[in-house]
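The structure appears right after this line, and notes come after that.
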Amino acid sequence: MKSEKLDRRPIVAAIAATIIMLASGLAFHTLIARVNGSMARLPIAPEVLEGFPMQIGDWTGVDVPLDETIVEKTDSDALINRRYSRHNGRESVGFYIAFGSTWEMMFHRPDVCYPSSGWTLVDHSLLELPVNNGTKLPCTIFRFSQGELETRDVVVLYYCVADGHTYSNISLLRSRVWGALAAVDNFAQVQIVVSSGGVLTPEAMIKIVSDFAVDSASSIAELFKNIQNDRIIETTDPLQKEGSQ
């Protein structure tokens, strides 16, 4: 069986699309200004992400560097941008996770940024994926297409996290924590991207991103745990933090 070489251009474009800063409504902007101004949140140290594994189950990762100018425009404190592959490279996903201490970072959503970059939203659906510890991982699956003669398809699995609690989309996160946003210390968004490469069906792409989401869920949860521990040390005993470095 020949290796299915996936077209990496949509994945690169997908990653680029996530860093476009766009407005999401006056009400949300007003809310963000109020919340961000209500308290001084401590930024997340980029080195906290260094321990995120390159090997996740059958998946092997490689870093995909981003230009510093692009990184600044993500409004994130720290981020991971990698490509993970399995089955000798026959299946590959783009993995992007950004952490921040201000709500501006949450503007970089697939449903906003992909269309602005020339992709057409074909379909989207909500899923709850079973993970190893018996809980459900809520997420949104987006499918985009681009081109006429040579159509390219991309599937994006997306979810966001606030203080370790996972939400399938930013609207749900807003509705559930609207009255207590100032109490949220840190945020993250996760995007897992796969391109059809001209050989994968939508069902196959959804399975690939879902498999990686399930396989990586415990590592992401552990990452949030480390961030929270780092935050506790930083706020209660700065000298202990310095001694642990």
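Coordinate-derived values only; no laboratory data. Model, not experiment: these values are computed from the prediction. Cβ sites come from the backbone with ideal geometry, for glycine too, and all protein chains shown count toward neighbours.
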(Q) As a footprinting exposure proxy, order Ser218, Ser92 by other Cβ within 10 Å, with the fewest listed first. (A) Ser218, Ser92
Q) Using θ = phi - 60° and the Karplus form 6.51 cos²θ - 1.76 cosθ + 1.60, what ³J(HN,Hα) does each residue of the range 126-132 get, whole Hz, x for Gly and Pro? A) 9, 10, 10, 8, x, 10, 4
Q: Neighbouring Cβ atoms within 10 Å as the yardstick, rank Leu127, Leu223 fewest first.
A: Leu127, Leu223
**Q.** Gap separating the Cα centres of the range 74-101 and the range 109-143, nearest whole Å
**A.** 15 Å
Q.
Within a 10 angstrom radius of the beta carbon, how do His124, His87 rank from fewest other beta carbons to most?
A. His87, His124
Q.
Assuming 0.36 nm per residue, please report the length gained on full extension of the stretch Thr151 to Ser218 beyond their Cα-Cα distance.
A. 20.6 nm
Q: First measure r as the distance between the Cβ atoms of Glu68 and Glu128, then evaluate 1/(1 + (r/R0)^6) with R0 = 30 Å and state the FRET efficiency to the nearest 0.05.
A: 0.20
